[in-house]
1. How far apart, in nm, are two points set 7 Å out from the Cα along the Cα-to-Cβ line at Asp372 and at Leu75?
2. Pick out, in residue order, every one of the trypsin sites (Lys or Arg not before Pro) in segment 21-70 that is DSSP loop and has at most 16 other C-beta atoms within 10 Å; say none if there are none.
3. For segment 467-608, which whole percent of the accessible surface, found with a 1.4 angstrom probe, sits on carbon and sulfur atoms?
4. Of the cross-linked pairs Lys578/Lys612; Lys119/Lys580; Lys32/Lys612, which ones have a Cα-Cα span greater than 28 Å in the structure shown?
5. For a 21 Å ceiling on Cα separation, which of these pairs sit above it: Lys17/Lys413; Lys323/Lys343; Lys51/Lys111; Lys381/Lys567?
6. Show which aspartates and glutamates lie in cross-link reach of Lys430 when reach means a straight Cα distance below 14 angstrom and same-chain residues fewer than eight apart are skipped.
7. Hey, which aspartates and glutamates would be in cross-link range of Lys397, C-alpha to C-alpha under 16 Å, not counting anything within fewer than 8 residues on its own chain?
8. Could you please state, rounded to a whole Å, how far the C-alpha centre of segment 407-468 is from the C-alpha centre of segment 6-35?
Amino acid sequence: MCGIREPNTLSNISQVKTTHLHLDWTISFEKKILSGYVVLDLITLVDNVEKVVLDSSFLDVTKASYEGKEVKFSLGERQDTFGSALTVELPTIEKAGTTFKLRVDYSTTDKCTAIQFLKPSQTEGKQNPYLFSQCEPIHARALSPCQDSPSIKLTYSAVVTSPLQVVMSALHTGVKEVGNGLKAYSFEQRTTIPSYLIAIAAGNLVGREIGPRSTVWCEPEVIDSAAWEFADTEKFISTGEQLLTPYEWGRYDLLVLPPSFPYGGMENPCLTFVTPTLLAGDKSAVDVVAHEIAHSWMGNLVTTESWEHFWLNEGWTVFIERKITGRIHGEAERQFSSIIGWKALKESVELFGADSPATRLNTDLTGIDPDDYFSSIPYEKGFNLLYHIEKVVGGPKIFEPYMKAYVENFASKTVNTEQWKTFLYDYMGKTYGQEVVDKLNTIDFELWLRGTGMPPVDPQFDTTLADACYELAHKWDTAREDKDLKQFSAKDIENFTAAQKIVFLERLTDAEPLPHHLITKMDELYHLTPIRNSDVRFRWQQVCLQTSFEPIYPEVVKFVTEQGRMKFVRPLYRLLYKAKNGAQLAKDTYLEHRDFYHPIAGQLIEKDIGLKQ
Ligand code: BES
Ligand code: ZN
């Protein structure tokens, strides 16, 4: 048995493996818990297995049964963010390859990090409660005892009893009235997935078809805008299919969550979760949907073996996302979004420090909570490595067939960095011969994969769309001493796309903080404060906070309390905390709105503004 490195699970994954998991839950919105049981189908990997150790986190476990007979279990002492090992004792199973069933009865508790229960007042409609889960990276263990490692891929089924509509990351297979105003909703995920892709939401939800295999789900109040914003979904899926392999999951639905959803999007299979901040009214934020669709292959079908190779999920996904949007909107757009990505990468490297181990692609997560290492680095350094390889081996003609072969080779399996590299060399050698292998050999893989800081190669993206943004930023940067500012007018950004406004503002965040009269003038001319596109709003508030421009503070408070997407709220809280007269306001704002935030977001914001170590 060759064991794998997996520092983020407490489960005995080298002895047993889960193949299927069945969940039977009842939702109590009053008690804010899920209760019921899980049945795990397991198989032994070695001889003489005497126990199953499962991951669990803040669960109230009441009973364990092996093949229908009650057995002893014990819950180990909590190991910080990794949770508590749930050890179930078995009569010794002598032979490797033996299958068996294990049932655990339990309920979640109010400390659950995987679910946020929302009061009616926290929803759009204000009439009904709501719940949603977020399991990536290691929160599935707070939803159910399981082998919470991406190296274990399983199918799942579920029956969930609830007073409100339930949706899950699986296919709907039925619904039954069960009395008392409750219904039992059934689901099946027939393609094998890692535990972090188990997902559930329940609330006053309606669905509307937006494509041949897609329905958008959300509260009725936002269904019209959601259906409009995501109308291009099918185009993204079919472009993904052209680039890679047929879409395997049957349905691709979207769920627009309430504003506290902590991410832009989450690639839950059959049902991507997205933040309502994507509803910009102009389709300017739909690249997030292209990204989550790209995960259907990169991450969901081909899955990282452990969180130490997370870059294989996200770097590849960003690469495919940009191939998809590049096919639809042209190469200039792909280059432009890569420029935006490079800036995000720079900011992350600066935040962690250029010699921080968190800036490596292939990380060491021994004793580390993967949530603490989350940043743009796996996304953008990963993207840049793939982009560099594409260039070095001779462009898309050579690289694109390899992407497809990679998916075909690792579909339904897991992959680590070494296996990825071995396959790259094998494929290029077999398909194109020594000449291309020689080209690969010019790449310093060790430095790319295990070196810290920025990538070793400057990508030199095409700046056609960015030049106008850079020039304008330069004009403002050098106008500090000017008496009049007549050279500027509303026309300057009239024809800028949302993305160009972002690049213009990002460039300014790189410059010395601007004097306040320039900020005032800029807003007067460009009307930046009222812009609704969240990415533009975010960047503008950043520019203002960097120079402690106090008139923006109330706007920042509004933005960080009306949505809880970490990409926006964490940097804004950090900047407000550092700005003149901002520290107390940051703390007070957070403490007053603590309940609004998702538990994962809350924990990280607390670290950001010095409320917690
Ligand atoms: N899988 C991620 C979200 C995630 C990563 C959640 C790690 C928890 C732990 C998702 O696909 C993602 O990357 N979302 C991005 C959007 C994207 C366009 C970069 C986000 O949320 O901003
Ligand atoms: Zn992603």
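The values are calculated or read from the model by the stated rules, or taken from the named source; none is laboratory data. Keep in mind it's a predicted model, so treat the numbers as computed, not measured. Here the Cβ positions follow ideal geometry from the backbone for every residue, glycine too, while neighbour counts run over all protein chains shown. The accessibility values were calculated without ligands, DNA or RNA, using every heavy atom of the protein model including side chains. Shrake-Rupley method; radii C 1.70, N 1.55, O 1.52, S 1.80 Å.
1. Result: 2.4 nm between the two label points.
2. Details: sites: Lys31, Lys32, Lys51, Lys63, Lys69; in loops: Lys31, Lys32.
Passing sites in segment 21-70 are Lys31.
3. Carbon with sulfur: 49 percent of the solvent-accessible area.
4. Values: Lys578/Lys612 16 Å; Lys119/Lys580 35 Å; Lys32/Lys612 26 Å.
The answer is Lys119/Lys580.
5. Violating the 21 Å Cα-Cα cut-off are Lys51/Lys111.
6. Within reach: Asp438.
7. Glu331, Glu435
8. Between the Cα centre of segment 407-468 and that of segment 6-35, the gap is 36 Å.
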